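J.: Here's a structure for you.
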Amino acid sequence: MKVIFALCLLSLFFVSCDSSEKLSKETAMTLLQEQDSYPKPLVEDIYIGDPEDAKRMLDLDLEEEGLVSIQSSQKLSEVGEPLITFTEKAQPYLVESGGNDPKIQRVRIADEEIVEIVNIQTADDGQSATVEYRTSFENETPFAELSRVDLEEENVRTANFVSSDEGWGME
């Protein structure tokens, strides 16, 4: 009887030592959204003194839509001064540039959102996992046509996770 009791205690000890849970799709999705900040804004840098950026905006009729005002000519003394001015209508799409360069204005193009968790590959030791997930671009702004990124294409991304006493977290 004592032997059976000792074996039960021993097996309970081994089961409790291996209490690491597998990483679920729901947990991976939550961690990606919280720790990797999804949805992520896709932004484009606009050089407000660059004639090529001004031409791109004219070609896309952004001035006609009332989002920008473009100075069509400059005097020699004004070279390097802004050609592009963003209107009040454009304000919801402007992103702070961090003050690094006042000649650059960042505009939000769209939001990259997670569509689904495609695959979770857990290491043999159960302490790490690689998650493969698909993202797409949603909430396109009027500036979306300026993007050099194909907004119609879905992307497959990967992230690494590790297990600790507190649970799963991103590496």
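The values are calculated or read from the model by the stated rules, or taken from the named source; none is laboratory data. Computed from a prediction, not measured in an experiment: that's the story for all the values here. Note that we place each Cβ from the backbone using ideal geometry, even for glycine, and neighbour counts take in every protein chain shown. Only protein heavy atoms, including side chains, enter the accessible area calculation; ligands, DNA and RNA are left aside. Shrake-Rupley method; radii C 1.70, N 1.55, O 1.52, S 1.80 Å.
J.: Quick check on S72: is it within 17 Å of K40 (Cβ to Cβ), polar (S, T, N, Q) and without any contact (Cβ under 8 Å) to a residue 60 or more places away in the chain?
T.: Criteria not met by S72.
J.: Counting residues that are charged (D, E, K, R) and either without any contact (Cβ under 8 Å) to a residue 24 or more places away in the chain or more than 20 Å from E44 (Cα to Cα) (or both), which strands (runs of 3 or more DSSP E) fully inside segment 77-148 reach at least 2?
T.: Output list reads 128-138.
J.: Among the residues of segment 87-103, is any open to solvent by 80 Å² or more (accessible area, probe 1.4 Å), farther than 20 Å from G49 by Cα and touching a strand residue (DSSP E or B) at 6+ places or on another chain (Cβ under 7 Å)?
T.: No, segment 87-103 contains no residue that is open to solvent by 80 Å² or more (accessible area, probe 1.4 Å), farther than 20 Å from G49 by Cα and touching a strand residue (DSSP E or B) at 6+ places or on another chain (Cβ under 7 Å).
J.: Evaluate the following for V115: is it aliphatic (A, V, I, L, M) and surrounded by 15 or more Cβ atoms within 10 Å (Cβ to Cβ)?
T.: It is false that V115 is aliphatic (A, V, I, L, M) and surrounded by 15 or more Cβ atoms within 10 Å (Cβ to Cβ).
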